[in-house]
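The values are calculated or read from the model by the stated rules, or taken from the named source; none is laboratory data. Since the model is a prediction, treat every value here as computed from it, not as a measurement. Cβ placement follows ideal geometry from the backbone for every residue including glycine, while neighbour counts extend to all protein chains displayed. Note: areas computed on protein heavy atoms with side chains; ligands, DNA, RNA excluded. Shrake-Rupley method; radii C 1.70, N 1.55, O 1.52, S 1.80 Å.
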Amino acid sequence: MDNATLLQELEGIAGQLAVEIRFEDLEESRSGLCWVGGDAYILVDRNLTLAERIKLMVRSVSRLPLESIFIRPDLRQLLEEGLVPSR
């Protein structure tokens, strides 16, 4: 699977869990998973490269409750191990 497809799948998992992904200019702030008033968000710095976005999404999505949704076995393993494929 290419990196663009991997990123789409990770974003889709977040969407299934009602996690909003917001792309912002975060000059001094860090990107990642955050909770505001009981709602989950993944903040993504617009300046991140594709590889950095994948790493961020793996780190963020792996912290979500994934038990209730279907995730392809290879992608689930990636999330459980927190690994980012090298491509």
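What a 1.4 Å probe finds exposed on the chain is 48% carbon and sulfur by accessible area, rounded to a whole percent. Counted as membrane-span-like here are DSSP H helices of the chain whose alpha-carbon atoms extend 18 Å or more along the helix's own axis and whose Kyte-Doolittle mean is -1.0 or above; these are 3-16.
Which percent, to the nearest 5, of DSSP beta bridges fully inside the chain are antiparallel?
Numbers: 5 of 10 bridges.
Antiparallel: roughly 50 percent of the beta bridges in the chain.
Probing with 1.4 Å while keeping every protein chain in the model, the per residue accessible area of the chain equals 64 Å². Look at the dipole of the chain built from charges on Cβ: of LEU75, ILE42, LEU26, the Cα furthest out on the positive end belongs to LEU75.
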